[in-house]
Amino acid sequence: MGFLGIQMGFALQNSNASRILQAHGADTEYLSLFWLVAPITGMVVQPIVGYYSDRTWTRIGRRRPYILVGALLTGIALFLMPNTVFFTSLMPSLLIVAGILLLMDTSINLTMEPFRALIGDSLSSKQRSLGFSVQTILIGIGAVLGSSLPYLLTRYFGFSTTDLQNVIPDNIRYSFYIGAIVLVLTVLWTVFTTKEYSSYELGFDNKSVNTKGIKSFLYDLKHMPLIMKKLGWVQFYTWFAFFMMWVYMTPAIAEHVFYKMEGNLNQLYIEAGNWVGVLFGVYNGISVLYAVFISRLVARFGKTKVHGLGLFIGGVSMISILFISSPYSLLLCMMGVGIAWGSVLSIPYAILADSLPSHRMGVYMGIFNFFITFPQIICGLLGGMLIKFVFNNQPIYGIVLGGFFMLIASFCAWRIKESASLFTNQMGR
């Protein structure tokens, strides 16, 4: 349940961060630099949280203390994000937005990393594909709600899409408020209703994971499983693609589709931003439906084959956006992206968890996040220059580039040979 709330907040950020930044004066070519906050904080925070959550034993468990603190901080950040105008007397508004993005991304990473380790702790090898699929379903539901909320508040409840006084429209501000409340409540539900197993039940001695500082972390980094390194290449190309889509989807759709309509350009951009929220809701919704069938597909065809196919469909769908001129036709493209997203959220972690020892599940899940954050950092540094100098300030080609990268990821996934689990969870014996 906590993942539903976390992803709702994450979807609100993904769908609206670019427009909030632009409302405060950020240029399109520099958007990717602001988006670097998320992968940089993920690269730093998740391995640290994973390392220490492996070694934390409290009355409320190993992972849950980190989940609880992170959720409360994320809720605060969601309330602050649409109200930066009230802090402009202290410093420039764009700097305030960047600071709140930093707080939000740090908090989300603090909350999210222990969740994935908790699933690995709680399930045997045979259950993990299904477990991560259930996680994907709840992530998708939260993302659909978060992505679609601004549009729904305007369409059915009459919230304004323009608010010159506060810079951020009412439909966006109240979406963030609702997201914060849902996130905190769902995470509290998880914290107070989930059991964590002791080190004895997990099949290892608590003394074997005493803190050894940076040497222990470097040892884990050096001796990561081979399949984790191979998955790293798949993750690199996949997350480069998604990062390009998240950053440039709104300006790309505005220029490629909406500006061809009659009307005021500012209003058309607002409509494009609202429609991108719907599109993101669609791909997240499809990921929910696809996740229902993932465990059955994996059982029949294998994890790597199913994952490679999902990425291939996603890559073709992203490239096809170039040839679309109707807002409603974009829904078909996002259905393909949703299949890829459903696969990305579940299968790599199921493959990885089968290769990890229980007493290092957290730290390796954190290190695995390097392969997610590093491509986003590369994309953030180079994305703006690619759009400006290579694609002649046409962000639609950034989406197409992401599609080609996802195709590369699919071929890398197909080249991975699955092996038997190196470590068997004691509860599955």
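Being assigned to a helix (DSSP H, G or I) and buried (at least 22 other Cβ atoms within 10 Å of the Cβ) is a description that applies to residue 139.
The single residue among 320, 343 that is polar (S, T, N, Q) and over 17 Å from the mean Cα position of the chain (by Cα) turns out to be 320. Total residues in the stretch 79-126 satisfying the condition of being at pLDDT 80 or above, polar (S, T, N, Q) and over 19 Å from residue 181 (Cα atoms): the figure is 1. Is there a residue in the stretch 31-38 that is under 22 Å from residue 363 (Cβ atoms) and buried (at least 24 other Cβ atoms within 10 Å of the Cβ)? Checked the stretch 31-38: at least one residue is under 22 Å from residue 363 (Cβ atoms) and buried (at least 24 other Cβ atoms within 10 Å of the Cβ). For the stretch 381-394, the criterion of being part of a loop (DSSP other than H, G, I, E, B), without any contact (Cβ under 8 Å) to a residue 24 or more places away in the chain, surrounded by fewer than 23 Cβ atoms within 10 Å (Cβ to Cβ) and not hydrophobic (A, V, I, L, M, F, W, C) is met by at least one residue. Within the stretch 346-372, can you find the residues that are surrounded by 24 or more Cβ atoms within 10 Å (Cβ to Cβ) and within 20 Å of residue 315 (Cα to Cα)? Result: 346, 347, 348. Among the residues of the stretch 221-244, is there at least one that is closer than 22 Å to residue 161 by Cβ, at pLDDT below 90 and not charged (D, E, K, R)? Taking every residue of the stretch 221-244 in turn, none turns out to be closer than 22 Å to residue 161 by Cβ, at pLDDT below 90 and not charged (D, E, K, R). For the stretch 358-373, indicate whether the set of residues that are touching a Cys at 6+ places or on another chain (Cβ under 8 Å) and not polar (S, T, N, Q) is non-empty. Checking the stretch 358-373: not a single residue is touching a Cys at 6+ places or on another chain (Cβ under 8 Å) and not polar (S, T, N, Q).
The single condition among (1) farther than 25 Å from residue 137 by Cα; (2) out of contact with any helix residue (DSSP H, G or I) (no Cβ under 6 Å at 6 or more places or on another chain) that residue 41 does not satisfy is (2). Can you find, within the stretch 142-166, the residue that is farthest from residue 60 (Cα to Cα) among those that are among the hydrophobic types (A, V, I, L, M, F, W, C) and in a helix (DSSP H, G or I)? Step by step, filter the stretch 142-166, then rank; the result is 157. Search the stretch 198-220 for residues being at pLDDT 65 or above and among the polar types (S, T, N, Q), and hand back the single one that is surrounded by the fewest Cβ atoms within 10 Å (Cβ to Cβ). If we take residues in the stretch 198-220 being at pLDDT 65 or above and among the polar types (S, T, N, Q), then 198 is surrounded by the fewest Cβ atoms within 10 Å (Cβ to Cβ). The residue of the stretch 51-63 that is nearest to the chain's Cα centre (by Cα), among those that are of a type in the set (D, E, K, R) and surrounded by 24 or more Cβ atoms within 10 Å (Cβ to Cβ), is 63. Among the residues making up the stretch 272-304, those that are free of Cβ contacts under 8 Å to residues at least 40 places away in the same chain and touching a Ser or Thr at 6+ places or on another chain (Cβ under 9 Å) are 272, 293.
From the list 263, 285, 273, 277, the lone residue that is more than 20 Å from the chain's Cα centre (by Cα) and either crowded, with 20+ Cβ neighbours inside 10 Å or farther than 17 Å from residue 368 by Cα (or both) is 263. When each of 139, 67 is tested for being at pLDDT 80 or above and closer than 24 Å to residue 274 by Cα, the lone residue that passes is 139.
The values are calculated or read from the model by the stated rules, or taken from the named source; none is laboratory data. What you see is a predicted model; the values in this text were computed from it and never measured. Positions of Cβ are generated from backbone atoms using ideal geometry, with glycine treated the same way; all protein chains shown enter the neighbour counts.
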